[in-house]
Amino acid sequence: MSLKEIFATRATRMKASEIRELLKLLDQPDIISFAGGIPDPDLFPKTEFAKAFADALNGPMAAQGLQYSTSEGYLPLRVWIARQMQAIGIPATPDNILITSGSQQALDYLGKLFLSPGDTALVGWPTYLGALGAFNAYEPHYDKLDPLSNRTGPDYAATAEAKGGKAKFAYLSVDFANPTGATVSHAARARVIDLADEMEIAVIEDAAYQSLRFDGEAIPPILTLEAARKGGNLEACRTIYCGSFSKTLSPGLRVGWVVAAMPVISQLVLMKQAADLHSATLNQIAITQVAEQHFDSHVATIRDAYSARRDVMLKALTQHMPEGVSWTKPEGGMFIWVTLPGQLDGAELLKQALESARVAFVPGHAFFADGSGRNTIRLSFSNSSEDKIAEGIKRLGALVSKAIAA
């Protein structure tokens, strides 16, 4: 008998990430990749981190950095994050913050915290593939979150009840979302708070790209709006804010955080203790030093670089994509979402693109909970040079034109 036969039912919901598989293509030097939504390693603050790790290992912090630590996270880092949150109107204290191994771990913990098998998670259509991967293990149903539709809280609740479960949370990426690059409007953010109160559910606000605004006016986070609505009392808020250093300082150090009311943080700490005790303390110490001394200047540098690459990609799409193809025009982040004519399939186009054009991207269906969206693709502009972006989109445009004509 194979051990596979006695796996838990949740194992059947776990699937390989198409993005993680596509990242393997980066080792092929002739591939122009718009696939992984990853930072450009040439822009990492390597010198700053080298000094931070040396300081941590050669100074009085060495014993603390190499020892077991508290599950909540390194206190000076939580103090720094609390100041950042307060600056954008989130009245968090260090006690309202848990350090996680990237925001991906936060999503896994929140799925575990809220979802029983058959419960409903409200998500975007499309939504972040990593969120679906994290939530799938807890065997939920999914329903489409569209806060500016005519649906009301009771409508969502009735749909969840009909499926045999209960709606537990709404999940959304609010700024320059993965995969679409779209930003949730102020009105839609306010409506999400209304829905959460009507339905008595949580809101999971994924803010991984919030710092990467290139142009346009910043919109307050959902948690900022809810805290203001509820008299500055974070403990009365339903919104759980997930942040990360992966898109700003370093993805490899795996440092993210959760901001929430104390009952949520307390329960997440218990999960952290059971899962991995704590995130790597040495990494947290180094992140703290680099963030305190260089965060703003470094973020300004990467914003300038990514903004220029976005502009090149948008221009190339205008020049080379045939009629019938449309795309988003993000104000920040790392992604552009392309909608192809209905007869085209993004997955089939990828096969052709890899074989003949040597261009990689992510088929859009992977971002839909129901596997729809076959005629969409996600392009990332963060980890390619401007010249490669221009050439890659030229090749892709020619391939799309040929596919439409076929």
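Might you let me know whether the stretch 247-263 holds any residue that is outside any helix (DSSP H, G or I), touching an Asp or Glu at 6+ places or on another chain (Cβ under 7 Å) and either surrounded by fewer than 24 Cβ atoms within 10 Å (Cβ to Cβ) or not assigned by TED's automatic domain parsing to the domain that holds SER149 (or both)? Yes: the stretch 247-263 contains one or more residues that are outside any helix (DSSP H, G or I), touching an Asp or Glu at 6+ places or on another chain (Cβ under 7 Å) and either surrounded by fewer than 24 Cβ atoms within 10 Å (Cβ to Cβ) or not assigned by TED's automatic domain parsing to the domain that holds SER149 (or both).
Filter the stretch 181-233 for residues that are within 15 Å of ASP146 (Cβ to Cβ) and in a strand (DSSP E or B) and give the result. Within the stretch 181-233, VAL203 is the sole residue that qualifies. From the list PRO140, PRO91, the one residue that fits, being touching a Gly at 6+ places or on another chain (Cβ under 9 Å), surrounded by fewer than 21 Cβ atoms within 10 Å (Cβ to Cβ) and not acidic (Asp, Glu), is PRO91. Restricting to the stretch 317-349, and then to whatever is aliphatic (A, V, I, L, M) and within 26 Å of the chain's Cα centre (by Cα), can you tell me which residue is surrounded by the most Cβ atoms within 10 Å (Cβ to Cβ)? Here the residue is MET334. Among the residues making up the stretch 375-398, those that are without any contact (Cβ under 8 Å) to a residue 60 or more places away in the chain and crowded, with 18+ Cβ neighbours inside 10 Å are ASN375, ILE377. Of everything in the stretch 112-137 that is of a type outside the set (Phe, Trp, Tyr) and free of Cβ contacts under 8 Å to residues at least 60 places away in the same chain, the residue that is surrounded by the fewest Cβ atoms within 10 Å (Cβ to Cβ) is SER116. For the stretch 95-105, the set of residues classified as among the aliphatic types (A, V, I, L, M) and over 15 Å from GLN273 (Cβ atoms) consists of ILE97 only. Only one entry in ILE287, ILE302, ILE240 is assigned to a helix (DSSP H, G or I), under 20 Å from the mean Cα position of the chain (by Cα) and farther than 24 Å from SER380 by Cα, namely ILE287. Only a single criterion out of (1) modelled with pLDDT of 95 or more; (2) more than 30 Å from LEU77 (Cα to Cα) is not satisfied by ASN150, namely (1). Exactly one residue out of ALA202, ALA196 is closer than 24 Å to SER101 by Cα and surrounded by fewer than 24 Cβ atoms within 10 Å (Cβ to Cβ): that is ALA202.
Among residues of the stretch 160-190 being among the hydroxyl-bearing types (Ser, Thr, Tyr) and surrounded by 17 or more Cβ atoms within 10 Å (Cβ to Cβ), the one that is nearest to ARG310 (Cα to Cα) is THR180. Being aliphatic (A, V, I, L, M) and under 21 Å from ASP194 (Cβ atoms) is the requirement here; does LEU66 meet it? Considered against the rule, which asks whether it is aliphatic (A, V, I, L, M) and under 21 Å from ASP194 (Cβ atoms), LEU66 comes out as no.
The values are calculated or read from the model by the stated rules, or taken from the named source; none is laboratory data. Keep in mind the model is a prediction, meaning the values are calculated, not measured. In this analysis, Cβ positions are derived from the backbone assuming ideal geometry, glycine residues included, and neighbour counts consider all displayed protein chains.
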